[in-house]
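Below is one structure; the comments refer to it alone.
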Amino acid sequence: MEKIASFTVDHLRLVPGVYVSRVDQVAGNPITTFDLRMTRPNKEPVMNTAEVHTIEHLGATFLRNHRDYASKTLYFGPMGCRTGFYLILAGSYESKDIVPLLKEMYTFMAEFEGEVPGAAAKDCGNYLDMNLPMAKYLSKKYLTEVLENITDEQLNYPA
C-alpha cells in the first residue's frame, strides 16, 4: 500500500501551526482539510484525552453555530496522535484564510465558562472524560503562541 499524504509530512520538523493537509474534490466541489497542530510532535507531551475531548466539544459547537462557517463545517475532531485537530471545510482555502476564524474559536474556548456543551450521559458516549481548565489553558497557549503572531513557517508544512 502507498503511504498516505499525512504520513509523508516530516513530523521531526513540524511546529505548532495551521496547515492545509489536503484539498479533495467531492462531487465536483472542493473540501479542505486543515491540520491544526497544537503541540510539537515528538518533542512536547501530547494532550490528554480529557482536554482533547473538551476542545472537541467546544470547537465543534462553536463552528456549527458560527454565522459564516456553520454551513461550511464538515468535521472538527482530534488527531489520533493527540498533537492537534483536523478541521474540514467545504471550499478551497489556504491556511492564512482561516486564521481569523481560528482566533475567534480559540478565544471562545480559552474564555469558556459553564457546562461543556454535550457533556451529559444522554449526549455523549464518554461524558465524564472532560477537563475544562486544561482545555482552556491549551486553547489560550495555542492562541497566544501560534495564532496571534503566526509566521509562514507555521502556515506551510516543512519542505
Q.
Under 9 Å between Cβ atoms, which residue pairs at least 6 apart in sequence (or on different chains) link something in region 28-43 that is touching a residue at least 12 places away in the same chain (Cβ under 8 Å) with a partner that is assigned to a strand (DSSP E or B) and among the acidic types (D, E)?
A. P30/D24; I31/D24; T32/D24; T33/D24
Q) Just one of the numbered conditions (1) of a type in the set (F, W, Y); (2) open to solvent by 80 Å² or more (accessible area, probe 1.4 Å); (3) within 14 Å of L147 (Cβ to Cβ) is not true of F108; which one? A) (2)
Q.
Anything in region 44-78 that is surrounded by 15 or more Cβ atoms within 10 Å (Cβ to Cβ), in a loop (DSSP other than H, G, I, E, B) and in contact with a Leu (Cβ under 9 Å, 6 or more places away or on another chain)? List them, or say none.
A. M47, H66, Y69, K72
Q) Does region 28-39 hold any residues that are of a type outside the set (A, V, I, L, M) and either crowded, with 16+ Cβ neighbours inside 10 Å or touching a strand residue (DSSP E or B) at 6+ places or on another chain (Cβ under 9 Å) (or both), and which are they? A) N29, P30, T32, T33, F34, D35, R37, T39
Q | Members of region 1-27 that are in contact (Cβ under 8 Å) with a residue 12 or more places away in the chain, open to solvent by 70 Å² or more (accessible area, probe 1.4 Å) and outside any strand (DSSP E or B) | A | L12, R13
(Q) Between T83, T8, T32, which is closer than 15 Å to L155 by Cα and among the β-branched types (V, I, T)? (A) T32
Q. Considering K122, K96, which residue is in a helix (DSSP H, G or I) and open to solvent by 30 Å² or more (accessible area, probe 1.4 Å)?
A. K96
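The values are calculated or read from the model by the stated rules, or taken from the named source; none is laboratory data. Quick caveat, the model's predicted, so the values are computed rather than measured. Cβ atoms come from the backbone with ideal geometry, glycine included; neighbour counts cover every protein chain shown. We work out accessible area using only protein heavy atoms, side chains counted, and drop any ligands, DNA or RNA first. Shrake-Rupley method; radii C 1.70, N 1.55, O 1.52, S 1.80 Å.
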